[in-house]
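Working notes for the structure below.
None of the figures in this text is laboratory data; all of them are computed from the coordinates on show. Since this is a predicted model, take the numbers as computed values, not measurements. Heads up, the Cβs are rebuilt from the backbone with ideal geometry, glycines too, and the neighbour counts pull from every protein chain shown.
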Amino acid sequence: SNTIKIAPSILSADFAKLGEEVRAVDLAGADYIHIDVMDGHYVPNITIGPDVVKALRPHSDKVFDVHLMIAPVDPYLEAFANAGSDIITVHAEAGPHTHRTLQAIRNLGKKPGISLNPSTPESVLEYLYEDVNLILVMSVNPGFGGQSFITSQLRKIEAIRKRIEALGLDIDLQVDGGVNVETAKQVIAAGANVLVAGSATFKGGPSKYAENIKALRG
Ligand code: DX5
Ligand code: ZN
């Protein structure tokens, strides 16, 4: 689709006021609420679990876009589904049976997403296109907000967009990491339609969220 969706990553929100922050970015025009789940094992940071997702659910009706950076992931899918996730994205690198994991997400009634680290080639997607609603291209190495955009990922975004179109599928192509007003233009031109933005959304505090989100749409 041509419409650009903005998914603020609440990793850059004030964790002491998470409910208010989710409400604020919802009102400021966020399309999805991007929730980064890290386990200190698959990635070198620890964030939040399913109980926090559940606690946030009453604060917004927007799509909860849950990015799982955890391994193993299969034992936790049901908890994240029950917590109110809409999209559940897993890393292709995080487990040996990605196809099974994506099927499990679909069987829980949720939209499956697949994420690729910067060093992972798009070819791993070849037998998964039919099984996903979202493809996430990481444009930083996962673990932290506020890192710089890795330019080589633009080629990957272009290649995946071409493949989605050739197959005639309706799949969100999401980019996560180092997205700001400048890199947003580049990822949109490359074919992404969902932009995750942590620091670029939350900088300046609540009074700036609407302006920040609008600027990212280009
Ligand atoms: C990184 C997370 C990102 C991160 C993006 O592992 O997946 O969602 O919060 O933060 P920014 O937009 O600040 O690069
Ligand atoms: Zn993320």
Alpha carbon convex hull of the chain, projected area averaged over orientations, nm²: 10.5 nm²
Structure-based [θ]222 nm, the chain - -39500 (n - 2.57) summed over DSSP H runs of at least 4, per residue, nearest 500: -9000 deg cm²/dmol
Cα-centre dipole for segment 5-216 with unit charges at Cβ (Lys and Arg positive, Asp and Glu negative), debye to 20: 300 debye
Inter-label distance, nm, simple model (7 Å from Cα along the C-beta direction), Leu128/Asn45: 2.1 nm
Exceeding the 27 Å Cα-Cα cut-off - candidates Lys17/Lys185; Lys17/Lys208; Lys110/Lys208; Lys162/Lys185; Lys54/Lys162; Lys111/Lys208: Lys17/Lys185; Lys110/Lys208; Lys54/Lys162; Lys111/Lys208
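Which helices, counted as full DSSP H runs in the chain, have an axial Cα extent of no less than 15 Å and a Kyte-Doolittle average of -1.0 or above?
Length and hydropathy pass: 153-167.
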Filtered chymotrypsin sites (Phe, Trp or Tyr not before Pro), segment 122-203: DSSP coil and at most 13 other beta carbons within 10 Å: Tyr127
Selected from Val187, Val124, Val179 as most flexible by GNM, with the chain as the system and alpha-carbon contacts under 10 Å: Val124
Charge dipole (segment 5-216, unit charges on Cβ, about Cα centre) - positive-most of Val179, Leu68, Phe80: Val179
Considering only the chain, percent of DSSP beta bridges that pair antiparallel, nearest 5: 5 percent
Between segment 173-218 and segment 117-152, the Cα center-to-center distance that results, in Å: 17 Å
